[in-house]
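The following block contains the structure, expressed as structure tokens.
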Amino acid sequence: MALYNRNFQKMDIDLKKLERLNSVVTNAIIYRYEDMILKKYWVCTQFAIEEKMFDVLSNIRNKHLMELYEIFRIIKDGECEHYKELEKKKGHLVIDGYTAKYYQAEKINPMTMDVNYLLHNIEGLKELIDIISENSIMMCDTKPDNTIINSEGIVLIDPDYYYFTDEIVFYIKRHNYRELLLLLRMLFIDHAEEYTSKIGAYFDDLTITHPERSIEQLEKDLKRVRRPIQIIDKRL
Ligand SMILES: Nc1ncnc2c1ncn2[C@@H]1O[C@H](COP(=O)(O)OP(=O)(O)OP(=O)(O)O)[C@@H](O)[C@H]1O
Ligand SMILES: [Mg+2]
């Protein structure tokens, strides 16, 4: 087995040195290779990143989105020439996976850190959403599992998103803001489990039909406290 990039060049990766990162019950297998990750789809699903979307996402320079390097396909040794020719004739590449930057997670609790950490990240994530939405990409499955949190910030790492060709940006943006709101709700719950019902109640009170306004409200509340969790404490 060998990995070939979109230009059909063999990728210089020692497959014996791959370190498996995720569990078996997913649509993809994630490996770490030095300071890079390699995500390989073992079932072709609708969520698998496609070339056009990869190009759009990899051109976005925003520190809250995983830095994408290259898409690749897997070719069994000996069949390489055959596939190479076939691919060229067809004029497109069938993607088996992608490589991206590896991010080290840290044991930090954004809920008990200085509130500016979360405020800065929300600001950056909103900018990212604006760019993604304007490119007609709908964010999906945005949850803590699909983010890396460290002192540098919050990074979205599992971009199995949908690409729309004729959708109205307004609706896509609203959907993406709702994803952000849900992510923030889950981050609060994950990092302050003892307050689960209070956190649920706080977020339920925010108007989910207007996620942009809800996030503004959340930011307003955050600006009144020193640590994010205090906005929940206030309600006790
Ligand atoms: N760029 C990365 N940096 C650090 N860790 C990563 C990175 N990408 C993935 N991981 C680790 O691997 C886990 C699984 O990755 P990911 O969310 O991309 O795929 P998945 O959820 O297993 O697959 P899918 O959602 O496509 O079925 C993450 O929760 C994270 O721990
Ligand atoms: Mg995931």
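Derivation of every value follows stated rules applied to the coordinates shown; laboratory data play no part. Everything numeric here is computed off the predicted structure, so don't read it as measured data. Methodologically, a virtual Cβ is constructed for each residue, glycine included, from the backbone with ideal geometry; neighbour enumeration extends over all protein chains shown.
Pop out the ³J(HN,Hα) list for the range 101-111 in order, Karplus 6.51 cos²θ - 1.76 cosθ + 1.60 with θ = phi - 60°, rounded to Hz; leave Gly and Pro as x.
For the range 101-111, the Karplus curve yields 5, 8, 10, 7, 7, 10, 7, 10, 10, x, 7 Hz.
Still on this model: Order by neighbour count: ARG32, ARG20, ARG73, fewest other Cβ atoms within 10 Å first, most last. Provide the component values of the computation, followed by the final result.
Values: ARG32 14, ARG20 10, ARG73 17.
Ranked by crowding around the Cβ, least crowded first: ARG20, ARG32, ARG73.
Provide the per-residue ³J(HN,Hα) series for the range 6-16, in order, calculated from phi with Karplus coefficients 6.51, -1.76, 1.60 and θ = phi - 60°, each as a whole number of Hz, with x at glycine and proline positions.
With the stated coefficients, the range 6-16 comes to 5, 8, 6, 8, 5, 8, 7, 10, 7, 4, 6 Hz.
For a quick size check, give me the Cα extents of the range 144-203 along its three principal axes, largest first, whole Å.
Projected onto its principal axes, the Cα set of the range 144-203 covers 44, 27, 17 Å.
Can you put VAL94, VAL115, VAL25 in order, fewest other beta carbons within 10 Å first?
VAL25, VAL94, VAL115
Kirkwood Rh, Cα Rg: Rg to Rh for the range 115-233?
Rg divided by Rh gives 0.96.
222 nm [θ] for the chain, helices only, -39500 (n - 2.57) per DSSP H run of 4+, per residue, to 500?
-12000 deg cm²/dmol
Still on this structure, I have one more. Can you give the direction-averaged projected area of the convex hull of the alpha-carbon atoms in the chain, in nm²?
14.1
Right, something else. Under 17 Å from the 7 Å Cα→Cβ point of LYS107, by amide nitrogen: which residues of the range 118-160?
Answer for this model: 149-151.
Given H placed 1.01 Å from N in the peptide plane, which residues other than close sequence neighbours of MET11 have an amide H under 5 Å from its amide H?
The answer is LEU3, TYR4, ASN5.
In percent, how large is the relative contact order of the chain, given Cα pairs closer than 8 Å and 6 or more residues apart?
It rounds to 18 percent for the chain.
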